[in-house]
Amino acid sequence: QVQLVESGGGLVQAGGSLRLSCAASGRSINVVGWLRQAPGKGREFVAAISWNTGNTDYADSVKGRFTISRDNANNTQYLQMNNLKPEDTAVYYCAAIVRRAYTVSEGSHYNYWGHGTQVTVYS
């Protein structure tokens, strides 16, 4: 069983920054990622990090602005979001993959999900 607890969402002006945290507990985690869902839209992949290798992947829409990192000692991963835009407004979910075969950008491949944290960017 895997548990994920997110924190760090909030309200920020366009151009500002926020850092999201995800504390993960459980075994056999291969990947921890962030996905988001804006009102009236489908779920969208944002970023992911391999728990073992540290390899990272990003959606094109956030490359150069968001950075995903991990602290293995504390089983926590972070999403640093800089130069935020109104279109980044969404509920952000931390999610984990435990299956062996996966595509990190495919939301259906994530086995466990956090409750989500709201990020609102105003212009």
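Derivation of every value follows stated rules applied to the coordinates shown; laboratory data play no part. The structure presented is a predicted model; accordingly, all values stated were derived computationally and were not measured. Methodologically, a virtual Cβ is constructed for each residue, glycine included, from the backbone with ideal geometry; neighbour enumeration extends over all protein chains shown.
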### Task
Rank G40, G16, G64 by mean-square fluctuation in a GNM of the chain with C-alpha springs under 10 angstrom and give only the top-ranked residue.
G40
### Task
With label points built 7 Å along Cα→Cβ from the Cα atoms of Q13 and R27, find their separation and express it in nm.
5.0 nm
### Message
Of all beta bridges DSSP finds with both residues in the chain, what is the antiparallel percent, to the nearest 5?
### Response
90 percent
#### Entry: Selection of trypsin sites (Lys or Arg not before Pro), region 1-67, meeting DSSP coil and at most 15 other Cβ within 10 Å
R27, K41, K63, R65
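Can you tell me how the chain classifies by the Cα gyration tensor, rounded, prolate or oblate, using a/c under 1.5 as the rounded cut? Show your work: numbers first, answer last.
On the way: a/c = 1.73, a/b = 1.58, b/c = 1.09.
Cα axes put the chain in the prolate bin.
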### Task
For the chain, with a Gaussian network of springs between Cα atoms less than 10 Å apart, report the residue from V46, V91, V104 with the top mean-square fluctuation.
V91
### Query
Amide H of T89: which non-local residues (sequence gap of 5 or more, or other chain) have their own amide H closer than 5 Å, using H built in the peptide plane?
V121
